[in-house]
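See structure below.
The values are calculated or read from the model by the stated rules, or taken from the named source; none is laboratory data. The shown structure was predicted, so the numbers you read here are calculated from the model rather than taken from an experiment. In this analysis, Cβ positions are derived from the backbone assuming ideal geometry, glycine residues included, and neighbour counts consider all displayed protein chains. When the accessible area is computed, the model is the full protein with side chains, heavy atoms only, and any ligands, DNA or RNA have been set aside. Shrake-Rupley method; radii C 1.70, N 1.55, O 1.52, S 1.80 Å.
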Amino acid sequence: MRSSRRAFAAAALTLGAVVACSPPAAESGRVARSTLVIGIDVSGSFKGKGRYDSAIDFTANYLYAHIHGLGGLKQPTAVFVGSFGGEKPGETKSFQPIHTFQNMSVAEIAAFLRKEYPSNDGLTDFNPFFERVGTLVKRQNLVLSPLNIVMLTDGLPDTPSEKNDSLSKYRKINVSGLEYLSKNTTIRVLYPRPTVAVHWEKKVPRRRVRMWTVDDEVMATWRSHYHAGGKPENQAELWKWISDNVDFRVRSGGIL
């Protein structure tokens, strides 16, 4: 009996030593699971002042850098790219997975996005996009993985406001389906006007979903950090700008 106990104790100590010596995921070369979803506004209101074209070019660089982990940017294990804004309210759009973009250059990604998600004169309806994201995350078994939703849009919802309340349309934006998909769900709204950015931050109801906005005046400066003709591996200045301004880590602070 004593010999059996000694053998069990020795085995336990050996197992503990193995576990203690096992490197964490980052040190063993494995990438922690995380999901990146990008939504592009193809409605007519976003096309003006060159915002749509700027957003497409920015997205191509952003997507390439994240897929390849350039400049220390977080490398997602799942990527989905889609659009919102259609000719009919509630119109559903398909999402392209990470495999579509893995072997593309930045220029090829930009060309693909322009072809797949052309700007039109449709309506901007955010709720079907959020519903589709929730369904996609559940279907792909990505629940609990950190979820980063990046939306390139002017942020103006084409939903009717209540009488004498022009801001009620922001309170109708529904992100409730995203609340418990992950402990860390962040919505990043890029290219809204400063006043619209504040409405997203202050008026959109949420509990656990984190919100980050970068207004159009700031987004207009990204090209000044991009070195035309340079290889993506040499665009450290742009990747640093993205890390500091777009991928900023947001603290939770829900709006009920």
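Would you confirm, using the coordinates I've provided, whether Val209 is of a type in the set (Val, Ile, Thr), touching an Asp or Glu at 6+ places or on another chain (Cβ under 9 Å) and modelled with pLDDT of 95 or more?
Yes, satisfied.
Quick grid of which residues meet (1) over 30 Å from Ser252 (Cβ atoms); (2) touching a Gly at 6+ places or on another chain (Cβ under 7 Å); (3) not in a loop (DSSP other than H, G, I, E, B):
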residue: Asp57; (1), (2), (3): yes, no, yes
residue: His66; (1), (2), (3): no, no, yes
residue: Val79; (1), (2), (3): no, no, yes
residue: Ala110; (1), (2), (3): yes, no, yes
residue: Pro118; (1), (2), (3): yes, no, no
residue: Thr135; (1), (2), (3): no, no, yes
residue: Leu142; (1), (2), (3): no, no, no
residue: Asn148; (1), (2), (3): no, no, yes
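Scan the range 173-190 and report the pairs whose first residue is more than 14 Å from Met211 (Cβ to Cβ) and whose second residue is assigned to a loop (DSSP other than H, G, I, E, B) and open to solvent by less than 50 Å² (accessible area, probe 1.4 Å), with Cβ atoms within less than 7 Å and a gap of 6+ or a chain change.
Ser182/Ser145; Ser182/Pro146
Within the set of pairs 6 or more residues apart or between chains, which connect a residue that is open to solvent by less than 80 Å² (accessible area, probe 1.4 Å) inside the range 236-256 to a residue that is hydroxyl-bearing (Ser, Thr, Tyr) with Cβ atoms less than 7 Å apart?
Close Cβ pairs (under 7 Å, with a partner that is hydroxyl-bearing (Ser, Thr, Tyr)) amount to Leu238/Tyr226; Ile242/Tyr62; Val250/Thr186.
May I ask you to list the residues in the range 204-239 that are over 17 Å from Arg249 (Cα atoms) and touching a strand residue (DSSP E or B) at 6+ places or on another chain (Cβ under 7 Å)?
Val204, Pro205, Arg206, Met219
Which numbered condition in (1) β-branched (Val, Ile, Thr); (2) surrounded by 12 or more Cβ atoms within 10 Å (Cβ to Cβ); (3) at pLDDT below 95; (4) not in a loop (DSSP other than H, G, I, E, B) is the only one that Val31 fails?
Status for Val31: all satisfied but (4).
Any residue in the range 186-193 that is open to solvent by 10 Å² or more (accessible area, probe 1.4 Å) and either more than 24 Å from Ser243 (Cα to Cα) or touching a Cys at 6+ places or on another chain (Cβ under 9 Å) (or both)?
no
Test Pro118 against the criterion of being at pLDDT 90 or above and at negative phi, and give yes or no.
For Pro118, the condition - at pLDDT 90 or above and at negative phi - is met.
Tell me, yes or no, whether the range 150-157 has at least one residue that is closer than 27 Å to Gln75 by Cα and exposed (fewer than 15 other Cβ atoms within 10 Å of the Cβ).
The answer is no, given that none of the residues of the range 150-157 is closer than 27 Å to Gln75 by Cα and exposed (fewer than 15 other Cβ atoms within 10 Å of the Cβ).
Go through the range 105-121 and count every residue that is out of contact with any helix residue (DSSP H, G or I) (no Cβ under 7 Å at 6 or more places or on another chain) and either closer than 21 Å to Lys169 by Cβ or open to solvent by 30 Å² or more (accessible area, probe 1.4 Å) (or both).
8
In the list Leu136, Leu147, which residue meets the criterion of being surrounded by fewer than 20 Cβ atoms within 10 Å (Cβ to Cβ) and either in contact (Cβ under 8 Å) with a residue 40 or more places away in the chain or of a type in the set (A, V, I, L, M, F, W, C) (or both)?
Answer to the check: Leu136.
State yes or no: is Ser182 assigned to a loop (DSSP other than H, G, I, E, B), closer than 21 Å to Lys74 by Cα, open to solvent by less than 20 Å² (accessible area, probe 1.4 Å) and polar (S, T, N, Q)? Please lay out each step first, then the result.
Details: assigned to a loop (DSSP other than H, G, I, E, B): yes; closer than 21 Å to Lys74 by Cα: yes; open to solvent by less than 20 Å² (accessible area, probe 1.4 Å): yes; polar (S, T, N, Q): yes.
Answer is yes for this residue.
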